[in-house]
Each structure stands twice: as structure tokens, then as C-alpha cells.
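The values are calculated or read from the model by the stated rules, or taken from the named source; none is laboratory data. For clarity, every value in this text was computed on a predicted model and none was experimentally measured. Here Cβ is always computed from backbone atoms with ideal geometry, including for glycine, and neighbour counts include all displayed protein chains. The protein model used for the area step is the full one, side chains on, heavy atoms only, and it has no ligands, DNA or RNA in it. Shrake-Rupley method; radii C 1.70, N 1.55, O 1.52, S 1.80 Å.
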Amino acid sequence: MTALVEVLPYIRRHRARFLAGAACIAVEATVSALAPLVVKFAVDALRSRATWGTITAYAGALLAVALVAAFFHYLQRMLVYDAARSVEAGLRHDLYARLVRQPPAWFDAFPTGDVLSRFTNDLRVVQMALGPGARHALGTLATLVLAVAFMLWIDPLLTLMALLPLPAVSLVVKLMGQRIHRRSEEAQAALANVTTAVQENLAGLRVVRAHGREEAERIRFRGHSETYVSANLRLIRIQAFLSPALTLLLGLSFLILLWLGGRRVATGAITLGDFVAFTMYLGMVSWPMIAFGWIANLFQRAAAAMGRLNRVLLAEAAIDDQAADPAARITRGTIAFRDVMFRYGPDRPPVLDRFTIEIPAGTTLGITGPTGGGKTTIARLIARLYEPDTGRIEIDGRPIAEYPLAVLRAAIGFAPQEPFLFSETLAANLAFGQDGEPSANGGRGQLEIEDAAAIAGLADDVAEFPAGYDTMIGERGITLSGGQKQRAALARALLVEPKILILDDAFSSVDTETEERILERLRAFMADRTTILISHRASTLRAADRIVVLDDGRIVESGSPNDLAAADGFYAALRRRQRLEAEIERA
Ligand SMILES: Nc1ncnc2c1ncn2[C@@H]1O[C@H](COP(=O)(O)OP(=O)(O)O)[C@@H](O)[C@H]1O
Ligand SMILES: [Mg+2]
């Protein structure tokens, strides 16, 4: 339950509405508790031959009670639900704000499905506790206190006897409620499997067909479907048991009332009006007994959900501006790694081990080597997406942690091998990095979207798109080819006009000729910038001032393209292979 403490500040923000709602609940409960009294006096009046006028007066009183209660019911519901939804919105917003700041390492440890279920299920449960939960808790408590008070006033002994079976109602609801919840979670999970199976089959339609897996998939799907049905049956079995069990227990109360109460009326200890009112109060009390079990479960679940939300809400961003000098700016773009050791997790092997390199400002460093050698990791470390375990990374002679993240990242243009484009227009996608911190490093805004697209070799493609740069990309628009995506990502990186340009295998889906034309155009752009060119093509790497071959986190070859070509190592082999391939293609 302590996890729920974290929700208090959000409640406090909307406390006026919560308090007003509580006041309305109290008024509604009080007014409603008067109804049986009116009936009592009406019944007693009937026995002593009431006039038409008195009966009308009692009927009018009942109507007034009902109207006032209905009005306050409306008010309290509006107020409390409104406030609960506002708390939920605040939580959701903070959750999102926290997520967009977490570094990638955080998400490596936090599966996407997990994060999504926090956004949906956990938030909903907390909202349920604060809205319906809080409303019913207060309403039933008020009703219970008032009804029992009136019952005691009418007949203390009868009250005790009639209420005897009722705590069992709360207990049954509480215990069965837990079981029902557990089974409904199982049914939910089974349904999720069914949905995932359908979704994956739609997404992987071509793969399923190509491998002739339709029948196998159908059988697998039937398995999921059957699990879902049996989970639901288990749920229905217990749900079906709950309602008769409650009816039985409540019936017991009324049995006691009829039996004992009837005798009290017969002996004249209470009036018939008392008896009728008593029956109505007992009816009012049975709902709270059911509600308390339900509310207890709801708050327990809300506490668990809030505990999970807190793991996101209270997570410190591991990479932040703590050590930054707000005035620090990147003006040249010299990069240095000094004895850097890095691993993706404490129990993983080091990707880089005592890695040292110096990249002078304005030069181009080519990096190549076998897959998994650590090339991408180097790019990520420069952008401070991850932080080294030991050693230092410096830009312009200062550790990168001394630059505000906004400054550091505005200085880096990063074109990844597998770019991500949003469901937006092409123009919005290309301009994605621009609205961050316009002049963090001074001098920005020379390059137009069209220029960047032209350099990146995307302009001709755009001319063919239905709406040019305003064409929608993604599920709601056109699908770009792998090469088009890579060139779009390159244009996006160029538009940042960065001091440091990192091309991480950014041409892998672009054919060699197109790539060479792009590199030709890029030359002017790269002239006064530091470039890191990661590639598996000898022809690409030729554009570098210096090439390093990275294998298993260590530099195994290093030198100018000409030096390496003569050295008969990885690069020379790469070069020979590419020549051979070109010759075969020509033949
Ligand atoms: N997010 C990650 N979590 C855990 N391990 C990773 C992650 N990204 C890369 N690795 C591992 O780090 C090593 C280096 O990967 P990477 O830098 O991508 O190599 P390259 O770009 O040279 O192919 C590989 O063994 C890879 O499996
Ligand atoms: Mg890579």
C-alpha cells in the first residue's frame, strides 16, 4: 500500500474536486437514509387510519428525498470521476516525460510490452481505485454508518442478529474476487496470445506463404484459441458461483429478520412501520458488504500497479546534465577515446576494451571490420546514448559529460543502418532533428530540406512521390524501400548541420554507384566537419583520411587507404573481393 503514497501529490492537485465530491457523497447518503424513516411513518399512519392528505404528504416527502439524492449522486459522480481522470492524465504525462528521457540502456532492461502495459493496465487500475473505488468506499461507509445507526435506534437486539451473517459477505467477495481477478488475468493473457498470433500472421503473411506454413500456423492458432476458451471457462465457473453464494448469505439475514422481527411486531415491541423501515435499512447495508470486499481488492491491485508505475516514475535518468557546463559549446569536432572499456550489461563481455583513438577535427575516419566488432557501439558512445564503464571520451578536449546533452547531440548528425521514420510527412521526418536547440553550437539554418535531399540522393525519388515532400510515410502513407529510408536518414542527419557526422553503414541498402555519387556530393559538406564512416565497402572507405579495422573491440589495422591496401589485411581482402564482384557483374 505504501506505493500509493506517490499518487498523493497528484490527488492534492485536484483536491478541491475530490473534497467537493466527498461532501456530495455525504449529503446523498444522509438524504437516502431518510427514505425508510418516511416509509415507517407512512406505514404507521396507515394503521391509524390516515387521511388522503397525510398519505400525499408522505409520498411527496419520498419524492423530494429521491430527487435530492439523485441530484447529489449526479454531482458527486461528476466531481470524483473528473478528478480521477485528471490524476490519471497527470500520471500518464509524467510517465511519458520520464520515458522519453531514459537512455537506451534502460529500455534494454525493460521490454516494450512491459512499458506498454504500464501505460494501459496499470494506469487504468490506479484510475479505477481513485474514481469508482474512492466513491464507493466513502459512499458505502456513510450509508453503512447511517443505516446501522437508524437500525440500532429502532431495535438494537434485532440489529445485532440480522447483521450477524453480513461480514461473511465481505469475506466471500474479497476471497473470490482475488481468484476471479487471477483467472481473468489468465484469460487476458490467453487473448493476448490469440491477438499476437493473428497480428504476426498478417505482418509475416509473405513469409508464411513462402514457407508453406499455413497448415502449421492454423494448428498453432487453434492451440491458442483453445487455451483462451478454457481460461474463460475457468473464469465463468467461479463467477457463476459468486452470485448465488451472496444471495444465500444475504437471504440468511432477511430470514433472521423475518423470524425474529415478525415476533417483535407480534408482541408489540416494534411497530409494523419499524419493521418495514428495518427491512429497507438491511437492504441498504447489504450493498456495502459486497462493496467492501471489492474495494479492498481494487486498492490492493492499485497499490501493486502504482508500485510498477513508480519504477518508471522514480527512475533517475542514468545519463543527464549533472556534470555539464551550460556554457560549453562544440566548435571544432575533435574526438578522442581514451582507454575506454564498455559492456552492455554487468554480466556481458566487454564490447570495447581499453579502446583508444584520436580523430582530428575536420578529418574522416573510416571504420570497418567483422559484424559485432563494436563499430555501432562506438557511434552510440560518442552520442552518449550509453556511457563507458571506464575510460574517457572527449570532444574538443573536454569529456563529453561536460556538454549539456542538447549541445552534444545537436553537434552530431547520425545516420544509422536501420533508420526509423515516423508516420508523418517526408518533410517532417527530414526536419526531425531541427527543432531541438537551434543555435546550441552556433551557425545553423543554411541548409534547406531540398538541398539536403539532393545531397543524399533522394530528390529524384521525391519527384515521383504523390505529394512530393508532403507525402505521408508509414502505415498511413507510402512505404519507402530500405535504400530510400537510408537516404532519408542521411538527409535528416545533414539538416542538423552537425560538427560531427556519423554514417553507420548508412549506405548498406544503396547500390554502389548511387553511393559513390552521394559521397561525391557529400565531400563539400564534410570538408569542415569530422566524419565517421562505418562501412563494409572498400569503395566507400576510400573517402576516409584514415581507416581502422575493428575486430572484437580492438583495432587490428590502422592507416591511410593506400597503406592498408598495401598491407594485405582485412581491408586489402575487402578491396580485392569488391573488385572481383564488380568484374563478375560486368561480365
Ligand atoms: N543493445 C545491446 N544490448 C546488448 N548487446 C548489444 C547491444 N547492441 C550490441 N550488442 C552487442 O555488442 C557487440 C558489438 O555490437 P555492434 O557495436 O553493433 O557491432 P558492429 O556494429 O561492429 O556490428 C555485439 O556482440 C552485439 O551483440
Ligand atoms: Mg553495426
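Quick notes
- When we screen L233, L242 for residues that are aliphatic (A, V, I, L, M), part of a helix (DSSP H, G or I) and open to solvent by 70 Å² or more (accessible area, probe 1.4 Å), the only hit is L233.
- Every residue from segment 153-174 that is of a type in the set (A, V, I, L, M, F, W, C) and either surrounded by 15 or more Cβ atoms within 10 Å (Cβ to Cβ) or under 30 Å from R234 (Cα atoms) (or both): I154, L158, M161, A162, L163, L166, A168, V169, L171, V172, V173
- Counted residues, segment 312-342 - those being modelled with pLDDT of 95 or more and open to solvent by 10 Å² or more (accessible area, probe 1.4 Å): 4
- Residues in segment 378-399 that are part of a helix (DSSP H, G or I) and either under 15 Å from T356 (Cβ atoms) or open to solvent by less than 10 Å² (accessible area, probe 1.4 Å) (or both) were compared, and the one that is farthest from ligand 1 (Cβ to nearest atom) is I382.
- R49, sole failed condition from (1) in contact with a helix residue (DSSP H, G or I) (Cβ under 9 Å, 6 or more places away or on another chain); (2) outside any helix (DSSP H, G or I): (1)
- Checking G177 against (1) within 23 Å of I238 (Cα to Cα); (2) in contact with a Leu (Cβ under 6 Å, 6 or more places away or on another chain); (3) surrounded by 20 or more Cβ atoms within 10 Å (Cβ to Cβ), the condition it does not meet: (2)
- Every residue from segment 507-534 that is farther than 16 Å from R487 by Cβ and of a type in the set (D, E, K, R): R523, D528, R529
- Residues satisfying the stated conditions in segment 361-377, i.e. within 16 Å of ligand 2 (Cβ to nearest atom) and open to solvent by less than 20 Å² (accessible area, probe 1.4 Å): L365, G366, I367, T368, G369, G373, G374, K375, T377
- Of all residues in segment 525-534, those being within 16 Å of ligand 1 (Cβ to nearest atom) and open to solvent by 10 Å² or more (accessible area, probe 1.4 Å) number 0.
- Given (1) over 31 Å from the mean Cα position of the chain (by Cα); (2) open to solvent by 40 Å² or more (accessible area, probe 1.4 Å); (3) over 29 Å from F525 (Cβ atoms), number of the condition F299 does not satisfy: (1)
- Residue satisfying condition, being touching a Pro at 6+ places or on another chain (Cβ under 9 Å) and either over 30 Å from V39 (Cβ atoms) or aliphatic (A, V, I, L, M) (or both), within set V80, V100, V87, V65: V80
- The set of residues in segment 564-585 being surrounded by 14 or more Cβ atoms within 10 Å (Cβ to Cβ) and assigned to a helix (DSSP H, G or I) consists of L564, A565, A567, F570, Y571, A572, L574, R575, Q578.
- Failed condition for Y403, given (1) open to solvent by less than 30 Å² (accessible area, probe 1.4 Å); (2) within 16 Å of ligand 2 (Cβ to nearest atom); (3) hydroxyl-bearing (S, T, Y): (2)
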